[in-house]
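Worksheet: the structure to be examined is printed underneath.
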Amino acid sequence: MVGEKAKAKINLTLDVLYKRPDGYHEVEMVMQSVDLSDHLLFDERGDDQITLSCNVPYVPLDERNLAYQAAALLKSRYQIRKGVHIKIDKQIPVAAGLAGGSSDGAATLRGLNRLWNLGLSLHDLAKLGAELGSDVPFCVYGGTAIAKGRGEQIERLAVACPLWVVLVKPSFSVSTADVYGNLRVQEIKTHPDTKGMIRSLAEGNPEAIVSHLGNVLESVTFQMYPDLEKLKQSMIRFGAMGALMSGSGPTVYGIADRESKAQRIYNALRGFSREVYLTRFL
Ligand SMILES: C[C@@](CO)(OP(=O)(O)O)[C@H](O)COP(=O)(O)OP(=O)(O)OC[C@H]1O[C@@H](n2ccc(N)nc2=O)[C@H](O)[C@@H]1O
Ligand SMILES: Nc1ncnc2c1ncn2[C@@H]1O[C@H](COP(=O)(O)OP(=O)(O)O)[C@@H](O)[C@H]1O
């Protein structure tokens with residue numbers, strides 16, 4: 001049996017440059033792993049089937065699940081005649097902008113690489129991951145990285161910033177395809193300063209990092225769900241240095257440079273939402 005952690009991500013920046021002929025959007029994003037994780041266990045089966053179980057009832061357990069798709073991809077690409085049972089202990093909120101499904105897919109690539117002794121590098125796994133979804137390659141590596149292309153081209157950043165993150169996941173979920181579908185690229189008013197964010201992370205300067213937070217999908221999702229903008233304002237009111245929506249949403253996060261401050265924001269927001277998490281940069 002092999003176990004893997006699947007970490008959630010937040011977008012520190014998310015810029016869209018243009019819509020591509022293939023329907024995807026060309027992006028430039030700074031991604032950051034946080035210490036909110038699903039736990040996956042991989043157990044050999046006597047036959048060659050892929051089976052799944054999960055503690056959350058509404059997560060699909062068939063070929064719609066990214067962990068299933070990752071196992072099927074490895075099996076067919078490397079002609080593996082073994083089966084596996086994948087047990088997912090889900091802690092990351094679903095369809096939240098935190099890449100929970102993508103991270104489970106990435107953890108499955110890493111876990112089965114070990115269970116089946118495939119000898120693949122992280123680079124090989126990230127390349128395979130791009131076939132599963134735009135966010136999977138980043139999730140294969142984790143940490144801090146710039147993502148380009150449709151999100152699958154990863155440049156890792158060697159930075160370590162001990163910042164605290166309070167996440168609030170509203171009770172509804174958002175479809176990534178709908179949010180990109182509602183984006184009008186020509187109407188984007190301000191683009192985030194991606195290079196400024198990278199510089200700020202390299203300097204390890206919390207004020208500068210916070211001043212460079214930006215996500216062009218915010219205005220789209222905020223228009224669909226106006227309460228999200230109020231949630232972002234509450235983060236700041238309760239003491240966050242800065243706040244942003246992650247990915248296509250609806251999760252909104254606030255940043256603090258000390259655990260005690262993050263704890264105060266967490267306590268204040270727990271009165272408003274059932275799903276509040278106190279995490280930190282990994
Ligand atoms: C917005 C982001 C930011 O990190 O994250 P989430 O909110 O999903 O966490 C990602 O770009 C989401 O990546 P991911 O969820 O892997 O997307 P995919 O499965 O590849 O694509 C889902 C759909 O989103 C749209 N899509 C996705 C990526 C992209 N660069 N342009 C797009 O237009 C396409 O309509 C696509 O069919
Ligand atoms: N392992 C998985 N965990 C959660 N959702 C999954 C998984 N595999 C596939 N999905 C599907 O992917 C959709 C997006 O989920 P998720 O990856 O959590 O969100 P996001 O793309 O916003 O980060 C969900 O609606 C769910 O049906």
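FYI, it's all coordinate maths here, none of it is from the lab. This is a predicted model, so every value here is computed, not measured. Don't worry about glycine lacking a Cβ; one is built from the backbone with ideal geometry, like all the others, and counts go over all protein chains shown.
What do you get for trypsin sites (Lys or Arg not before Pro) in the range 1-84 restricted to DSSP loop and a cutoff of at most 12 other Cβ within 10 Å of the site's Cβ?
Working: sites: 5, 7, 9, 19, 45, 64, 75, 77, 81, 82; in loops: 64, 81, 82.
Sparse-neighbourhood loop trypsin sites (Lys or Arg not before Pro): 64, 81.
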Check your understanding: Percent of alpha carbon pairs in the range 164-280 separated by more than 18 Å?
Key -> 52
Review point. Share of Cα-Cα pairs in the range 81-198 beyond 23 Å, in percent?
Key: 44
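Please sort by residue number the GluC sites (Glu not before Pro) in the range 44-146 whose DSSP state is loop and whose Cβ has at most 16 other Cβ atoms within 10 Å.
Details: sites: 44, 63, 131; in loops: 63, 131.
Answer by residue number: 63, 131.
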Review point. Tilt of helix 194-203 relative to the longest C-alpha principal axis of the chain, in degrees (0 to 90, nearest 10)?
Key: 90
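What chymotrypsin sites (Phe, Trp or Tyr not before Pro) in the range 106-174 are in a loop by DSSP, with at most 13 other Cβ atoms within 10 Å of the Cβ? Don't skip to the answer; put the middle values down first.
Values: sites: 116, 138, 141, 164, 172; in loops: 116, 172.
Within the range 106-174, the qualifying chymotrypsin sites (Phe, Trp or Tyr not before Pro) (loop, at most 13 other Cβ atoms within 10 Å) are 172.
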Revision key, fill the gap. Among beta bridges assigned by DSSP with both residues in the chain, the antiparallel ones amount in percent, to the nearest 5, to 85
Check your understanding: Which residue, 156, 20, 114, has the most motion in a Gaussian network model of the chain that connects Cα atoms within less than 10 Å?
Key -> 20
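Can you tell me the alpha carbon radius of gyration of the range 1-152 divided by the globular rule-of-thumb value 2.2 N^0.38 Å? Spell out each step's value before the answer.
On the way: Rg = 15.1 Å, N = 152, 2.2 N^0.38 = 14.8 Å.
Here the Cα radius of gyration is 1.02 times the empirical estimate.
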Study note, to complete from the structure: Under Stokes-Einstein, the chain at 4 °C and 1.567 mPa s, with its Kirkwood radius over C-alpha pairs, diffuses with a coefficient in µm²/s of 68
Exercise for review: Taking the Cβ of each residue in 85, 191 as the centre, tally the other Cβ atoms inside 10 Å and list the residues starting with the fewest.
Suggested key: 191, 85
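Normalise the Cα radius of gyration of the range 2-91 by 2.2 N^0.38 Å (N = residues in it) and let me know the number. Can you show the working numbers first?
Working: Rg = 16.5 Å, N = 90, 2.2 N^0.38 = 12.2 Å.
That works out to 1.36 for the range 2-91.
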Review point. What residue among 216, 165, 185 has the largest mean-square fluctuation in a Gaussian network model of the chain, using Cα springs under 10 Å?
Key: 185
Check your understanding: Say we join alpha carbon atoms closer than 10 Å with springs in a Gaussian network model of the chain; which of 86, 255, 236 then has the biggest fluctuation?
Key -> 236
Check your understanding: Once both axes come from the Cα atoms, what is the angle between helix 227-237 and the longest principal axis of the chain, in degrees from 0 to 90, rounded to 10?
Key -> 70
Exercise for review: Report the full-extension gain for the segment residue 182 to residue 160: residue separation times 0.36 nm, less the Cα-Cα distance, to one decimal in nm.
Suggested key: 4.4 nm
